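Peer 1: Here you go, one structure.
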């Protein structure tokens, strides 16, 4: 199994292939690869990403069947089911890297900012369950100078939401806390819809 730094580098290399247009996805989803994985899987990274259709982790990282354990939900939020999925993958497969993958112009983050500014909730009960998890990370930004610039506000809100999810995973599960002591690493990353580049926040 790859250590966290090796796994990060493998993701960076894959994203570079994606940018260069030299993807290997055809080979990574071949019949021989399918047959190889029938007996089991050993994903080298766990990705908690947004459900946005423009950010499929396997494609932007150019990795195929069996490589990534991907969990997707609007706003890349952390809820019990996501924590449980990550605990399962990290324990069951020995995967040593978790990446919270957000992206530019995230609709769930934008909906949260809009909801905060409204006098009454305008979201459905179900959407509000997502907004309520994003709200604590982004609400403080509305009192910052970036609040006067909608584009900058959304950019900072996306980053704040990623960092909040990373912190929740790092400290919200005794199992993950123990695994971190044994070498598991949890980091954030942001995908640019315009550039196709994934920037990793390895120090946060």
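Peer 1: Would you point out which residue out of 176, 193, 142 is modelled with pLDDT of 95 or more and in a helix (DSSP H, G or I)?
Peer 2: 176 is the lone residue from the list that is modelled with pLDDT of 95 or more and in a helix (DSSP H, G or I).
Peer 1: Quick check on segment 179-190: of everything there that is outside any loop (DSSP other than H, G, I, E, B) and buried (at least 19 other Cβ atoms within 10 Å of the Cβ), which residue is farthest from the chain's Cα centre (by Cα)?
Peer 2: Within segment 179-190, the match that is farthest from the chain's Cα centre (by Cα) is 179.
Peer 1: Which residue pairs have Cβ atoms under 7 Å apart, sit 6 or more places apart or on different chains, and have a first residue in segment 109-123 that is on the phi < 0 side of the Ramachandran plot and surrounded by 12 or more Cβ atoms within 10 Å (Cβ to Cβ) and a second that is part of a loop (DSSP other than H, G, I, E, B) and modelled with pLDDT under 85?
Peer 2: 111/123; 115/121; 115/122; 115/123
Peer 1: Could you check, for segment 15-36, whether at least one of its residues is surrounded by fewer than 18 Cβ atoms within 10 Å (Cβ to Cβ) and under 22 Å from residue 91 (Cα atoms)?
Peer 2: Yes, the conditions are met somewhere in segment 15-36.
Peer 1: Please name all residue pairs, on different chains or six or more residues apart, with Cβ atoms under 8 Å, provided the first residue is in segment 167-188 and is at positive phi and touching a residue at least 24 places away in the same chain (Cβ under 8 Å) and the second residue is surrounded by fewer than 18 Cβ atoms within 10 Å (Cβ to Cβ) and not in a strand (DSSP E or B).
Peer 2: 183/3
The values are calculated or read from the model by the stated rules, or taken from the named source; none is laboratory data. In this text, all values refer to a predicted model and were calculated from it rather than measured experimentally. Note that we place each Cβ from the backbone using ideal geometry, even for glycine, and neighbour counts take in every protein chain shown.
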